[in-house]
Amino acid sequence: MDNNRNVIDIDLDSLKNFKPPNISGKSILIGVAVVFGLVLLFGSFYQIEPQEAGMVMRFGKYVRKTDPGLHLKLPMIEQVLKVQVQRQLKEEFGFRTMRAGVTTQYAERRLAEESLMLTGDLNVAVVEWIVQYRIIDPYDFLFRVRNQTETFRNMTEAMMRQTVGDRTVTEVLTVGRQEVETTVQQNLQELCNEYQIGISVDQVVLQDVNPPDPVKPSWDEVNQAQQQMDRRINEAKAEYNQVIPRARGEAEQQILQAEGYAVDRVNRAQGDAARFKVLQSAYRKAPQVTRKRMYLETMQKILPQYGGKLILDTDAEGVMPLLPMDTFKNIMPGTAPGNLPAQRTGGGQ
């Protein structure tokens, strides 16, 4: 305890003997001037990045625009507002990206209300989309409209609700997505030009379009029925494409065959008629000769069809004809010799 008391006594004595250094008013003024000079020096220069544009304000009034690079300004009098004019910006609707690759859907009730939309056929669809845009006029973006980002989001949501409300839920969920994106982009760009907000809309992308959760099972059943119907239709069309062309080909073949047969029959009839006329002309010139020639030609065609032939002369006398009975039995089995046919060549034809 005594040692501690001695230390305290020594410290108190040293404090009583301490005298502050003498600082003159001139030194203080020099220090203030140095600080003020540093403030002026660092406050007079500003840097504009390549993707930015600098908007210089003097006492709150716009005076000039500066390009990327190092520039001077009046310190404490002029203020610089930097606008991203070369970067592509985006706004998300119905969901929010927490970090790269991770999104949150309907984390708040406000997001759910933002994505719920009424279609033209009085159905409800959950629409999530992204708008990509650029700032092409920084002056209009900063000074034409207040709350630029909020105003732009309200304009985008209004255009999307209007476009979705003009279409059925089936179009929005399936085949009409591309048309919805194009229509919203065009209408939104026209509205931005009308408001002179200084924004160019690059792209509108429907991120996800679904029916509300309570009706998803029914919607899936409808989709399955639709897919089954489309499959049946495609199968029927495939069968139609196989059967109908084949039937048409067969019909065409039958028609061509009939036409060929008709041409053949006509030509044959014409040839027979011409031949008959020639025979008739020859018959008129020599009836006996022509009649005999026709008879002989006919016999020449008919007689070879019979195997055995027996020719008897009715005027033959005194000679008993020798008949080859075995030959006739082989040719005409079951026929009696007395019933054999006989052809005569004596007098008649």
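On the stretch given as the stretch 165-198, residues that are in a loop (DSSP other than H, G, I, E, B) and in contact (Cβ under 8 Å) with a residue 12 or more places away in the chain total 6.
To keep it simple, each residue is scored yes or no on (1) closer than 18 Å to residue 194 by Cβ; (2) of a type outside the set (Asp, Glu); (3) in contact with an Asp or Glu (Cβ under 7 Å, 6 or more places away or on another chain).
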site: 124; (1), (2), (3): no, yes, no
site: 131; (1), (2), (3): yes, yes, yes
site: 138; (1), (2), (3): no, yes, no
site: 141; (1), (2), (3): yes, yes, no
site: 146; (1), (2), (3): yes, yes, no
site: 153; (1), (2), (3): yes, yes, yes
site: 156; (1), (2), (3): yes, yes, yes
site: 170; (1), (2), (3): no, yes, no
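Looking only at the stretch 73-99, residues that are basic (Lys, Arg), outside any loop (DSSP other than H, G, I, E, B) and at pLDDT 85 or above come to 2 in all. Among the residues of the stretch 164-180, those that are surrounded by fewer than 18 Cβ atoms within 10 Å (Cβ to Cβ) and touching a strand residue (DSSP E or B) at 6+ places or on another chain (Cβ under 7 Å) comprise 165, 177. Whether any residue in the stretch 90-99 is among the small types (Gly, Ala, Ser), surrounded by 14 or more Cβ atoms within 10 Å (Cβ to Cβ), farther than 13 Å from residue 142 by Cβ and within 46 Å of the chain's Cα centre (by Cα) is what I want to check. So far as the stretch 90-99 goes, yes, one or more of its residues are among the small types (Gly, Ala, Ser), surrounded by 14 or more Cβ atoms within 10 Å (Cβ to Cβ), farther than 13 Å from residue 142 by Cβ and within 46 Å of the chain's Cα centre (by Cα). Taken together, the criteria place residue 218 among residues that are without any contact (Cβ under 8 Å) to a residue 24 or more places away in the chain and of a type in the set (Gly, Ala, Ser).
Is it the case that residue 145 is touching a residue at least 40 places away in the same chain (Cβ under 8 Å), at negative phi and in contact with a strand residue (DSSP E or B) (Cβ under 7 Å, 6 or more places away or on another chain)?
Numbers: touching a residue at least 40 places away in the same chain (Cβ under 8 Å): yes; at negative phi: yes; in contact with a strand residue (DSSP E or B) (Cβ under 7 Å, 6 or more places away or on another chain): no.
No: the conditions fail for residue 145.
For the stretch 109-164, the tally of residues that are within 24 Å of residue 96 (Cα to Cα), assigned to a helix (DSSP H, G or I) and hydroxyl-bearing (Ser, Thr, Tyr) stands at 5.
Among the candidates 238, 247, 225, the residue that is exposed (fewer than 13 other Cβ atoms within 10 Å of the Cβ), of a type outside the set (S, T, N, Q) and under 30 Å from residue 116 (Cβ atoms) is uniquely 225.
The values are calculated or read from the model by the stated rules, or taken from the named source; none is laboratory data. If you're wondering where the values come from, they're calculated on a predicted model, not measured in any experiment. We place every Cβ from the backbone using ideal geometry, glycine too, and count neighbours over all the protein chains shown.
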